[in-house]
1. State the extension gain, in nm to one decimal, for the chain segment bounded by ASP77 and HIS108, taking 0.36 nm per residue of separation less the distance between their alpha-carbons.
2. Test of understanding: what is the full-extension gain from SER7 to GLU241, defined as 0.36 nm times their sequence separation minus their Cα-Cα distance?
3. Residue-wise, which Karplus ³J(HN,Hα) couplings in Hz belong to the stretch 45-58, taking 6.51 cos²θ - 1.76 cosθ + 1.60, θ = phi - 60°, and x for glycine or proline?
4. Based on the alpha-carbon gyration tensor of the stretch 149-274 and its eigenvalue square roots a ≥ b ≥ c, which shape applies: rounded if a/c is under 1.5, prolate if not and a/b is larger than b/c, or oblate?
5. How far is it, in nm, from the label point at ARG272 to the one at ALA191 when both lie 7 Å from their Cα along the line to the Cβ?
6. Kirkwood hydrodynamic radius for the chain: how many Å is it when counted over pairs of different Cα atoms?
7. Filter the trypsin sites (Lys or Arg not before Pro) in the stretch 220-274 down to the DSSP loop ones having no more than 15 other Cβ atoms within 10 Å, then list what survives.
8. For the stretch 16-144, treating each Cα as an identical point scatterer without solvent, what Debye log10 I(q)/I(0) comes out at q = 0.11, 0.13, 0.17, 0.19 1/Å?
Amino acid sequence: MTPDWLSVHRGPAPLIVSFPHTGTEIPDAYRPGLVSMWQARRDCDWWIEQLYDFAASLGATTIRTTISRTIIDVNRDPSGVSLYPGQATTELCPTTTFDGAPLYKPGHAPDANEISRRRTTYFDPYHTALAGEIDRLRAAHPKIVLYDCHSIRSVIPRLFDGELPTFNIGTNSGAACAPALEATVVARCAAAPGMSHVANGRFKGGYITRYHGNPAAGVHAVQMELACRGYMREPIPDVDETNWPTPFEPAYAAPIRATLTAILEDCLTFARKS
């Protein structure tokens, strides 16, 4: 049975859209040890599931966890190996925010046993579901695209210098998908009026892209990390409890949504081309 925190919508098209960081649920058992609920949810990929709610109408399969990344990050290597050696990042079970603020009160951070338990409870089922949908669609299609959806605040000095481009495309430096697919996504982002882009810059794709992307086996993975200002009214750089997150406004998000729709359509065209 699929756990109630894991949502899987099965579609027939050769496209999987993954939402690993849109969850805000924090089970009651974890709340007493956290510094604050707002701090625990601060780095959520806000409203991304709403931004991409058209994906199912394209026939895509969608997979989403409602559990907050503070409890466990299903886009980190479970072995503990850093995705970005030598650069600031967060762990499988994060102990700080992106800005470096502590998430847990002293003595309450998860130990090795707790991390293992969270992995079994939340991480493993997400990836089991993802692998199952990959296998199901690969049985019907010669190749498929796994598109991993993310967002992040535009200015986070601890993680990167200056202001992040609007579109941050990650393909594990080209290892996770065919060059033609990467080039198509890059071209679509480059054509978006007033929006900047980069491929394999600060963000090259997380564990989902790197682990499941296997072009030789017909699985082409792309991570899209959006700067929040591209689809919501982001208070740059002064984010605090009084102003974050700002509401999702469909009209404000419409321009970037048009580009994202075109990107997913391009992914389908690529997957269906022999």
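Please treat every number below as a calculation from the coordinates, not as lab data. Since this is a predicted model, take the numbers as computed values, not measurements. Cβ sites come from the backbone with ideal geometry, for glycine too, and all protein chains shown count toward neighbours.
1. Result for the pair: 8.9 nm of gain on full extension.
2. Extra length from SER7 to GLU241 when fully extended: 81.4 nm.
3. Result, rounded to whole Hz: 7, 4, 6, 5, 5, 6, 4, 9, 5, 7, 4, 4, 5, 8.
4. Working: a/c = 2.28, a/b = 1.60, b/c = 1.43.
Note, shape of the stretch 149-274 comes out prolate.
5. Calculated label separation equals 1.7 nm.
6. On the way: mean 1/r = 0.0529 Å⁻¹.
With all distinct Cα pairs of the chain included, I get 18.9 Å.
7. Details: sites: ARG229, ARG233, ARG257, ARG272, LYS273; in loops: ARG233, LYS273.
Sparse-neighbourhood loop trypsin sites (Lys or Arg not before Pro): ARG233, LYS273.
8. -0.44, -0.60, -0.95, -1.13
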